[in-house]
Amino acid sequence: MADVHEPLVRRKRKKVLVDYLVKFRWILVIFVVLPISTLIYFNIFLGDMWSAMKSEKKRQKQHDENVQKVVKRLKQRNPKKDGLVCTARKPWIAVGMRNVDYKRARHFEVDLSSFRNILEIDKERMVAKVEPLVNMGQITRATCPMNLALAVVAELDDLTVGGLINGYGIEGSSHLYGLFSDTVVAMEVVLADGRVVRATKDNEYSDLFYGIPWSQGTLGFLVSAEIKLIPIKEYMKLTYTPVKGGLKEIAQAYADSFAPRDGDPAKVPDFVEGMVYTESEGVMMTGVYASKEEAKKKGNKINCVGWWFKPWFYQHAQTALKRGEFVEYIPTREYYHRHTRCLYWEGKLILPFGDQFWFRFLLGWLMPPKVSLLKATQGEAIRNYYHDNHVIQDMLVPLYKVGDALEFVHREMEVYPLWLCPHRLYKLPVKTMVYPEPGFEHQHRQGDTSYAQMFTDVGVYYAPGAVLRGEEFNGAEAVHRLEQWLIENHSYQPQYAVSELNEKDFWRMFDASHYEHCRQKYGAVGTFMSVYYKSKKGRKTEKEVQEAEAAILEPAYADEEA
């Protein structure tokens with residue numbers, strides 16, 4: 001019997017035309033995608049600056065007017081003649097990599113494109129009120145000069161508040177604050193019947209407040225959110241610690257880096273992440289906020305990782321494997337967005353020479369390509385190639401199972417580097433779509449508390465080892481096995497990822513009870529598509545959508561015994 005820790009041996013794969021289209025895709029990226037991306041980014045920046053020049057009162061007035069336009073549009077819909085409601089955004093604009101096309105079915109569009117303003121930064125309440133299309137780059141530009149930041153700032157500039165709340169958002173501070181949605185104080189939502197409500201965890205719409213995260217916009221239109229702010233300092237003091245050994249040893253070193261076994265809170269860093277470069281090597285990074293005065297003390301090294309000519313962050317961190325442990329100070333905003341320029345390490349596949357000094361120096365200022373443009377220009381053949389020969393997955397697993405997850409990924413996919421980022425999964429008053437393991441609070445495992453279980457995002461983004469070696473690889477089967485492992489280990493898969501789940505398995509992974517309660521109570525059934533069907537891979541016809549909506553009235557929950 002083969003060693004379970006070794007990757008599977010596969011046959012050589014014959015190359016076809018699409019292999020060469022992918023190999024030379026960099027030509028299109030350099031001459032088309034990068035220039036257009038730069039123009040789009042610049043145009044968005046000008047729009048953000050113009051919005052910032054307006055008074056808070058004027059921005060709020062425009063917001064209220066735009067909300068009324070949404071209400072008016074919803075009331076124009078004839079449920080008997082018009083299709084299900086969705087936003088007017090094109091499917092390829094989303095950052096996620098799912099091969100879905102739910103808008104192919106007949107649908108009733110509502111335009112939310114104007115909801116991209118920061119409405120208020122309230123320093124007294126320590127809350128930022130923002131519209132759903134505000135992205136992470138926009139909000140850090142506004143808050144960091146005030147020495148303030150969102151409690152959880154997702155790494156990529158393009159990720160939006162609405163996507164992170166309705167879907168999934170995590171950062172290196174999530175071991176303290178939970179997922180992005182856990183930092184939300186209030187949500188303003190337009191319901192199916194046109195009512196505008198403000199949902200908080202303790203008002204009459206508290207069930208909606210807990211139901212919206214992970215719902216993918218299928219309970220109503222989120223039109224603004226109030227999000228927790230925290231005080232920060234100008235720099236991040238980052239310690240890079242190399243780890244060598246087996247995958248289980250790397251997983252334990254990762255847990256020890258932020259969850260001290262003696263429970264001493266003074267040893268818990270402000271930020272933490274790990275990168276696993278091979279089955280025997282990783283680097284753990286822990287950060288604490290530092291003042292400008294501390295960072296500029298004699299002997300301290302300041303590294304402005306955001307400059308266009310700098311080495312890509314994951315490659316810079318990898319040098320710790322040769323250098324040994326080292327410490328440096330990074331400007332806080334640059335640290336927040338450290339993975340943006342190279343899209344973690346996906347940039348290496350998009351532009352094989354993008355990490356070379358000559359490219360970084362001459363054209364690095366054009367990076368990153370806009371993900372929506374990459375998707376819009378890839379064509380169906382390339383899109384299918386990536387689904388079959390590429391992995392874009394996040395595995396949300398309990399901290400004590402990270403070693404098992406790493407061994408599973410090595411055996412089934414052999415993808416490196418891997419990203420490790422911890423997050424609290426809170427025990428809430430209601431059982432939401434994602435929830436801690438029952439009875440976790442009695443186990444007293446490393447990182448857990450009485451009110452939250454520590455989970456970890458194992459980020460699996462790259463071409464599998466078999467593909468890089470020219471061997472056969474069945475992406476659909478690999479994802480299916482991954483999903484079954486997640487279900488069996490009380491773990492989760494963010495819905496932006498490529499999924500092979502059928503409806504029964506989807507509701508084995510996620511809990512449907514509270515979500516379906518909200519769907520029924522707030523009139524979403526028959527107006528918005530169900531979260532499963534919206535996430536389902538492939539194209540949809542109007543008949544399929546209608547049949548799926550009818551089936552929601554009798555949900556296909558998993559058997560309790562399963």
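The values are calculated or read from the model by the stated rules, or taken from the named source; none is laboratory data. Keep in mind that what you see is a predicted model, and the values were worked out from it rather than measured. Neighbour counts are summed over all protein chains in view; Cβ atoms, including those assigned to glycine, are modelled from backbone coordinates with ideal geometry. To get the accessible areas, we keep the full protein, side chains included, count just its heavy atoms, and leave off ligands, DNA and RNA. Shrake-Rupley method; radii C 1.70, N 1.55, O 1.52, S 1.80 Å.
If only residues of the range 195-213 that are assigned to a loop (DSSP other than H, G, I, E, B) and open to solvent by 10 Å² or more (accessible area, probe 1.4 Å) are counted, the one that is nearest to D82 (Cα to Cα) is R195. If A466 meets every condition in (1) part of a helix (DSSP H, G or I); (2) open to solvent by 30 Å² or more (accessible area, probe 1.4 Å); (3) among the small types (G, A, S) apart from one, which number is that one? For A466, the failing item is (2).
Among the residues of the range 364-374, none qualifies, meaning not one is without any contact (Cβ under 8 Å) to a residue 24 or more places away in the chain, more than 30 Å from Q252 (Cα to Cα) and aromatic (F, W, Y). What residue, among those in the range 433-463 that are among the hydroxyl-bearing types (S, T, Y) and touching a strand residue (DSSP E or B) at 6+ places or on another chain (Cβ under 9 Å), is most open to solvent (accessible area, probe 1.4 Å)? Filtering first and then ranking leaves Y451. Give the number of residues within the range 495-521 that are part of a helix (DSSP H, G or I), acidic (D, E) and touching a helix residue (DSSP H, G or I) at 6+ places or on another chain (Cβ under 7 Å). Residues meeting the conditions: 2.
In the range 162-191, the qualifying residues are those that are open to solvent by 20 Å² or more (accessible area, probe 1.4 Å) and not polar (S, T, N, Q), and the one that is farthest from the chain's Cα centre (by Cα) is E188.
Just to be sure before I move on: is A476 in contact (Cβ under 8 Å) with a residue 24 or more places away in the chain and not in a helix (DSSP H, G or I) in the structure I sent? No.
Do we have any residue at all in the range 268-284 that's free of Cβ contacts under 8 Å to residues at least 12 places away in the same chain, within 21 Å of F455 (Cα to Cα) and outside any loop (DSSP other than H, G, I, E, B)? For the range 268-284, residues free of Cβ contacts under 8 Å to residues at least 12 places away in the same chain, within 21 Å of F455 (Cα to Cα) and outside any loop (DSSP other than H, G, I, E, B): absent. E503 falls short on exactly one of the conditions (1) open to solvent by 30 Å² or more (accessible area, probe 1.4 Å); (2) assigned by the TED database to the domain that holds D457; (3) of a type in the set (D, E), and that condition is (2). If you go through the range 240-259 and keep only what is open to solvent by 30 Å² or more (accessible area, probe 1.4 Å), of a type outside the set (S, T, N, Q) and over 20 Å from V397 (Cβ atoms), you end up with P242, K244.
Taking helices (runs of 4 or more DSSP H) that fall entirely within the range 117-180, which contain at least 3 residues that are hydrophobic (A, V, I, L, M, F, W, C)? Walk me through how you get there before you give the answer.
Working: elements: 136-143, 161-166, 174-177.
It comes to 136-143, 161-166.
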